[in-house]
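Have a look at the structure below, then the notes.
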Amino acid sequence: GVMANDLGMGVYYYDVEEKLRIGNAISCKTLEELLNTCDIISLHVPDIPQTKNLINKETIAQMKDGSFLINYARGSVVDIDALDEALTSGKICGAALDVFPSEPASNAEKFISAMTKHKNVLLTPHIGGSTTEAQSDIGINVSKKLIKNLQNGSTDGSVNMPTMNIPARNGSIRINHIHNNVPGIMRQINRIISKKNINIEGQFLQTNSSIGYCVLDINLENSTTSLPEIISELESIEGTIKVRNF
């Protein structure tokens with residue numbers, strides 16, 4: 001949007017969540033309002049059930065005649081058959097696509113799409129993540145996240161763990177308890193902590209469909225229990241996968 005502004009374009013945007021505008025961008029109340037207003041539609045949405053075929057025959061009909069479509073988001077967002085029809089009829093004057101519903105798994109696999117027959121369509125091969133710059137950024141980003149996990153237990157960006165961006169420790173002892181996501185485990189954790197007269201200074205919990213992840217910041221000043229004893233009792237809870245302390 002900022003780049004488009006710099007090129008002298010008027011920028012409009014729509015989001016299902018209320019977002020502060022950037023630069024001179026103007027917020028639209030509905031997707032239909034956006035499609036009715038703009039000459040160029042650029043998509044920036046994730047691949048989720050709500051966005052599947054977001055651009056389809058119905059929404060294309062709401063676009064201005066002779067408009068352009070840019071999709072560098074996800075292949076599932078655009079109904080390719082509907083776009084093919086709109087390009088053929090001239091409803092849409094041109095498109096630029098980097099993502100497709102079906103993409104080749106390797107160089108040996110042929111790319112087949114109705115889009116290849118259109119001279120007014122720009123196709124790029126969805127390899128931005130393989131560029132030198134992207135790989136460098138990925139390496140730096142992953143390293144930072146691993147360090148945060150080792151230092152304070154954060155799981156931000158994790159694929160198979162519940163994700164939590166946890167603040168740094170403030171002098172307290174931190175315990176991470178990873179367990180099967182079943183009822184009653186948090187009750188047992190809190191009962192052990194309470195029984196040992198341990199003060200909880202912070203507690204964080206997040207779950208996914210199969211795993212629960214609890215982070216406890218504790219203070220042992222008022223307790224006669226040793227840390228190894230606490231860890232041992234937490235490990236004995238049925239359903240525990242791993243317990244770690246900092």
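Readers should treat all values here as calculations from the given coordinates under stated rules, not as data from a laboratory. For clarity, every value in this text was computed on a predicted model and none was experimentally measured. Cβ atoms come from the backbone with ideal geometry, glycine included; neighbour counts cover every protein chain shown.
Mark the label point 7 Å from the Cα of His126 along Cα→Cβ and return the residues of the stretch 55-84 whose backbone N is within less than 19 Å of it. Under 19 Å, as judged by backbone N against the label point of His126, lie 55-56, 69-84 of the stretch 55-84.
Quick one: angle between helix 132-152 and the longest Cα principal axis of the chain, in degrees between 0 and 90, rounded to 10, please. Its long axis makes an angle of about 20 degrees. Ordering Tyr72, Asn222, Ser136 by the projection of their Cα atoms onto the charge dipole of the chain, which places +1 on the Cβ of Lys and Arg and -1 on the Cβ of Asp and Glu, puts Asn222 at the extreme positive end. In the chain, the sites counted are trypsin sites (Lys or Arg not before Pro) in DSSP loop states with at most 10 other Cβ atoms within 10 Å, and the longest stretch holding none of them, exclusive of the sites, is 120-246. Taking amide H as placed 1.01 Å from N in the peptide plane, the amide H of Gly212 sits under 5 Å from that of His179, Asn180, Asn181, each at least 5 places away or on another chain. In order along the stretch 241-246, the Karplus-derived 3J(HN,Hα) couplings, from 6.51 cos²θ - 1.76 cosθ + 1.60 at θ = phi - 60°, round to 9, 7, 10, 9, 10, 10 Hz, and Gly and Pro are given as x. Counting only alpha carbon atoms, the long axis of helix 80-89 and the longest principal axis of the chain meet at about 20°. Give the angle, between 0 and 90 degrees and rounded to the nearest 10, that separates the Cα long axis of helix 185-195 from the longest principal axis of the Cα atoms of the chain. Its long axis makes an angle of about 30 degrees. The candidate values were [x] 1.43; [y] 1.09; [z] 1.28; the one computed from these coordinates for Cα Rg over 2.2 N^0.38 Å carries the label [x]. Here the chain is assigned +1 on the Cβ of each Lys and Arg and -1 on the Cβ of each Asp and Glu. Its dipole about the Cα centre then comes out at about 600 debye.
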